[in-house]
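Each remark here refers to the structure printed beneath this line.
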Amino acid sequence: MKILVVGGGMGGTIVANNLARRLQRELRAGQAHIHMLSASERHMYQPGLLYVAIGRMLPDELYRDQRSLLDPAITFEVDPVEEFRFDRNQVRSKSGRTHEYDAIIISTGSRIAPEAIPGLAEHSEIFYTEEGALKLFKRLSGFSGGRIVVAVGVPHKCPMAPLEITFMLHDYLKTRGILDKTQLHYTYPIGRVHSLENVAKWATPEFDRLGITYETLFNMKEAKAGVLLSEEGSEAAFDLLIAIPPHRGMEVIERNKLGQGGWIPTNRHTLQMEGAHRNVYVLGDTTNLPISKAGSTAHFEAEVVAENIVAEWKIGGPVRQYDGKVFCFIEASDNRATYAMFNYNQPPQPRAPTQSVHWFKTAYNRLYWASARGLL
Ligand SMILES: Cc1cc2nc3c(=O)[nH]c(=O)nc-3n(C[C@H](O)[C@H](O)[C@H](O)COP(=O)(O)OP(=O)(O)OC[C@H]3O[C@@H](n4cnc5c(N)ncnc54)[C@H](O)[C@@H]3O)c2cc1C
């Protein structure tokens, strides 16, 4: 049994380690083989970018060597996939080699697409990359007051990051003693401040209490020096624009025409690619599922995929279905946080933020490495 994992991020790492644990005996006996092809030898803990942006973490803390996170029985190579040949159970990688499989898992993630909005890359700070998070931190360090606009485009990964950066900025400005010289303004594309209704219901009074203003039904159209224009015809003036740009799936997915926008059509329960062979599984950001693109989503999906691949092999059919489970911490203000847990049928019910949840999230920022290794 040859299992090929494409992508060594959150989803790929968790699924590969989970499979290695389930197939220990078969791996030792040479009856199973797990092969991971990725695009980087380093693994980034992306949620840490939020903390880099406000100077609470250093970039080095976000990385581990990918090999060190994987069960030693997994073969790991940095050799990105360039072509998927589902009819032949094969992929071709950048080195020109072909790799065969019995089951393939695609978890190549997503990328920001600021180019979709004219002027956005030039006029905004985007903390979704290491370089961007550091640049924002430097801008903030030199900021002495004015109007900060946090503008959100869709779709984007991490449903809570736009709210979190806004609340964390509030704390940052307060600590720096420049909160009274700053106006924080938030824009969101639909008719409330968050796509999840109960999260919007929780966040709106928090914004009101903290004096954070907001404009909903604001779809970014164009950014110019000092002003962001919306499709709806309104304008948001800024001294500092922080943007969460719309995202796309990875280029390799688009080039291979696996799904519009780089999002692969995926069965919401089995996580098999729609219209492809039964042995093609998809997880993490790269699915087209109508759920949050988050590390926890990739984690819960990975558990289902690993169990079903083993079950297909050993008992001839799947045993589990993915129920849409997602768990997200939400950093609020004043070193407090809450969380949202939900699935396809049950909406989140965020509670009042507490300091203990904030400290739990802070601890999870370190514990993540144990989770990626399959120890949590
Ligand atoms: C600022 C920020 C804050 C966030 N906060 C949270 C949070 O608090 N909680 C949460 O749950 N999630 C959070 N996320 C989201 C989370 O990081 C992603 O949803 C998660 O990493 C998705 O996992 P993935 O495996 O789909 O993709 P990734 O983790 O992005 O991994 C993709 C992998 O695919 C590889 N790859 C790319 N192209 C190829 C190719 N052609 N061939 C082979 N490999 C390839 C890449 O090298 C990478 O290893 C946050 C993200 C950001 C940016």
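The values are calculated or read from the model by the stated rules, or taken from the named source; none is laboratory data. Keep in mind that this is a model prediction, so the values were computed, not measured. Here the Cβ positions follow ideal geometry from the backbone for every residue, glycine too, while neighbour counts run over all protein chains shown.
Some notes on this structure:
- Answer residue from the range 123-151, given it is basic (Lys, Arg), touching a strand residue (DSSP E or B) at 6+ places or on another chain (Cβ under 7 Å) and farther than 16 Å from PHE167 by Cα and is farthest from the ligand (Cβ to nearest atom) among those: ARG139
- Of all residues in the range 195-208, none are touching a Ser or Thr at 6+ places or on another chain (Cβ under 6 Å), at pLDDT 95 or above and within 18 Å of HIS170 (Cα to Cα).
- Restricting the search to strands (runs of 3 or more DSSP E) fully inside the range 1-71 and requiring at least 3 residues that are more than 30 Å from HIS156 (Cβ to Cβ) gives 33-38.
- Candidates GLY275, GLY262, GLY284, filtered to the one that is at positive phi and exposed (fewer than 15 other Cβ atoms within 10 Å of the Cβ): GLY275
- Members of the range 266-276 found to be under 20 Å from LEU19 (Cα atoms) and in contact (Cβ under 8 Å) with a residue 12 or more places away in the chain, listed by number: HIS269, THR270, LEU271, MET273
- Criterion: over 30 Å from LEU169 (Cα atoms), within 20 Å of the chain's Cα centre (by Cα) and away from the ligand (no atom under 14 Å from the Cβ) - qualifying residue of TYR344, TYR281: TYR344
- Any hit, the range 303-324, residues being surrounded by fewer than 21 Cβ atoms within 10 Å (Cβ to Cβ) and closer than 19 Å to MET160 by Cα: yes
- Any hit, the range 39-47, residues being among the hydrophobic types (A, V, I, L, M, F, W, C) and near the ligand (Cβ under 10 Å from one of its atoms): yes
- Qualifying residues in the range 83-112 (those that are surrounded by fewer than 19 Cβ atoms within 10 Å (Cβ to Cβ) and small (Gly, Ala, Ser)) - the one nearest to the ligand (Cβ to nearest atom): SER93
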